Amino acid sequence: MDQHQHLNKTAESESSEKKKTRCCDGFKMFLAALSFSYIAKTLGGIIMKISITQIERRFEIPSSLAGLIDGSFEIGNLLVIVFVSYFGSKLHRPKLIGIGCFLMGTGSILTALPHFFMGYYRYSKETHINPSENSTSSLSTCLMNQTLLLNRTPSEIVEKDCVKESGSHMWMYVFMGNMLRGMGETPIVPLGISYIDDFAKEGHSSLYVGILNAVAMIGPVIGFTLGSLFAKMYVDIGFVDLSTIRITPKDSRWIGAWWLGFLVSGLFSITSSIPFFFLPQNPTKPQKRKVSLSLHVMKTNDETNQTTNLTNQGKNVTKNVTRIITIPMAAVGMFSAGYIIKKFKLPLVGIAKFSCLTSMITLLFHTLYFPLICDSKSVAGLTLTYDGNNSVASHVDVPLSYCNSECDCDDGQWEPVCGSNGITYLSPCLAGCKSSSGNQKPTVFYNCSCVEVTGLQSRNYSAHLGECPRDDACTRKFYIYVALQVIYALFSASQITLSVLLIVKIVQPELKALAMGFHSMVIRALGGILAPIYFGALIDRTCMKWSINSCGSRGACRIYNSTFFGRVYLGLYLALRAPALVLYIVFIFLINKTFQEKDTKALDNESKLMDGANLEFLSNSEHFVPSAGADGKTCNLHVKDNAVAS
């Protein structure tokens with residue numbers, strides 16, 4: 001009998017061990033799959049952020065519309081977040097996450113599809129690229145301008161291209177693709193975190209969440225690397241003869257292979273969805289149902305930075321060297337905030353003060369950016385007269401000079417050249433250039449009469465294709481900016497942890513999930529959707545030269561007034577952050593007052609309880625009898641009845 005019971009216990013033990021092993025393996029598989037989905041979602045988000053400028057140029061749209069396209073991700077997220085939050089935990093969570101990853105990848109691929117249906121990119125109105133011919137763009141020099149007018153692309157071709165080119169509404173496919181990506185990304189975080197919270201070992205869920213957030217940082221690193229690589233590739237690579245392309249990535253008309261990034265991220269997302277369809281709904285029945293409080297609607301650090309950075313339509317490829325540097329500091333900031341709170345056991349008031357301090361520091365760093373704004377470039381016809389001798393009060397309708405008035409130039413053309421005098425001209429014709437090196441690279445223009453006027457100390461009156469670079473002073477400011485940005489990222493990222501902790505600690509336990517959901521909804525609605533639109537609208541007001549698309553309407557901005565741009569962006573940011581800082585101070589005052597009142601009431605109640613206990617104790621005792629020791633002194637008390645006698 002004993003042997004039989006022993007065998008049963010052994011079998012039960014082996015069955016339990018197998019069950020635990022099976023559960024452990026299933027959970028580890030889910031954790032690995034979720035890690036890849038985290039990488040996929042951050043990769044897709046970063047690809048969109050670094051491609052938005054390329055998309056703006058390719059589809060010839062203003063910054064405000066580009067901001068709306070970028071905000072479509074938040075629109076898609078808001079459309080399904082209520083459904084996912086309420087019904088998601090009741091359904092097969094791994095499969096829902098898999099469906100989400102598949103939709104996310106499909107959205108990224110849909111974003112790239114317009115490239116294959118649009119006409120070939122023409123960076124100049126006079127350029128018509130035919131992949132079957134070795135055609136080249138005409139050189140709009142002063143002496144050749146009349147010939148150029150006769151050799152322009154036929155009007156019937158222009159009208160045909162107007163439907164397929166940048167003036168069309170094909171940007172709507174990018175809008176819908178990004179919105180679909182937002183829908184697909186919605187279930188990954190809430191359902192993934194709740195699954196971990198339900199089936200992880202007690203006390204291990206926070207570790208797994210930390211691992212996921214750390215692994216997710218791989219996505220931005222890959223995204224910035226691929227984005228920088230694809231930005232240097234011509235948009236129509238593989239479809240046109242690259243030897244006929246005369247512009248370089250430094251030219252404001254350059255458009256990189258933006259669509260490649262979306263194809264890569266889309267395929268990666270679809271691949272990451274496959275394992276979820278083979279995972280069980282429940283690796284084992286959880287001992288108790290736990291509620292995930294914090295991360296089901298919380299934005300990750302890269303998403304928050306994206307919402308902030310998407311408002312700054314960067315216009316500069318170097319912002320990718322910057323972000324790669326700031327990502328590790330952001331991770332350190334998030335970790336440091338949590339460690340400080342745990343180390344010093346900060347109460348709610350302490351967390352609020354810590355958050356207010358970091359907010360003040362980030363606000364201070366933004367004020368330090370104002371002296372780092374570079375001056376606008378010297379551009380003849382926009383900031384200077386065409387002879388380069390005098391500045392102009394406005395960039396609108398700058399009159400021609402005697403150095404190019406005989407050339408019959410098209411002042412709407414944008415084919416910038418850099419003169420040997422360091423001044424950028426809108427086109428070789430407007431620079432008064434008489435000849436060029438043809439199709440040789442780099443393209444150089446000679447005998448430029450407007451350059452000659454300002455180049456008295458030199459007999460080299462030439463210009464080369466492309467804008468003039470910034471001066472050394474601006475480069476030094478950029479390095480200072482990068483150093484400040486690294487420190488800024490440290491404090492800015494710490495606010496993410498602090499804000500979440502404030503939300504979950506300030507409300508009642510049963511309202512924590514609702515508070516987080518409301519916070520996320522407000523952030524996405526007011527920040528993720530509206531901010532890119534009104535930031536973009538203000539940025540459009542700083543444009544000095546707009547492109548004209550093939551349909552004859554206004555397209556994307558070619559060059560901005562960088563001084564005005566910087567002041568508008570930083571000024572609007574400070575205008576939004578300053579009231580938030582005031583509300584922080586009011587918040588600290590209110591919770592200080594609330595906790596002081598609670599502490600006073602608690603002390604009063606404690607005093608009353610002690611008095612009541614003393615009265616009850618005395619009522620149960622008849623009297624106290626002093627006890628004398630061997631030395632005749634009282635050493636203790638003897639209490640009769642309920643007291644303990646020695």
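The values are calculated or read from the model by the stated rules, or taken from the named source; none is laboratory data. Please read all numbers here as calculations on a predicted model, not as lab measurements. A quick note on method: Cβ atoms are made from the backbone with ideal geometry, for glycine too, and the neighbour counts reach across all protein chains shown. With ligands, DNA and RNA removed, areas are computed over all heavy atoms of the protein, side chains included. Shrake-Rupley method; radii C 1.70, N 1.55, O 1.52, S 1.80 Å.
Before moving on, here are some points about what is shown:
- The distance linking the range 416-440 with the range 28-75 is 38 Å (Cα centroid to Cα centroid, whole angstrom).
- Using the Cβ-Cβ distance between M172 and A214 with R0 = 35 Å, the FRET efficiency computed as 1/(1 + (r/R0)^6) comes to roughly 0.40.
- For the range 458-508, pairs of C-alpha atoms spaced more than 14 angstrom apart make up 74 percent of the total.
- For L357, the accessible surface of its heavy atoms amounts to roughly 90 Å² (probe 1.4 Å, protein chains only, rounded to the nearest 10).
- Set K41/K343; K250/K545; K201/K345; K441/K477; K345/K477 screened for pairs whose C-alpha atoms are more than 29 Å apart: K41/K343; K441/K477; K345/K477
- Estimated at 0.36 nm per residue, the fully extended path between L229 and K342 surpasses their Cα-Cα distance by 36.5 nm.
- Estimated from the Cβ-Cβ distance and a Förster radius of 41 angstrom, the FRET efficiency linking R567 and D241 is about 0.45.
- Average accessible surface area per residue within the range 43-83, 1.4 Å rolling probe, Å²: 22
- Legend: residues H395, H92, sorted from most to least accessible area (1.4 Å probe; ligands, DNA and RNA excluded), read H395, H92.
- Extension gain from N282 to L368, taking 0.36 nm per residue of separation minus the Cα-Cα distance: 25.7 nm
- Net length gained if the chain between V82 and A393 were fully extended (0.36 nm per residue, minus Cα distance): 106.7 nm
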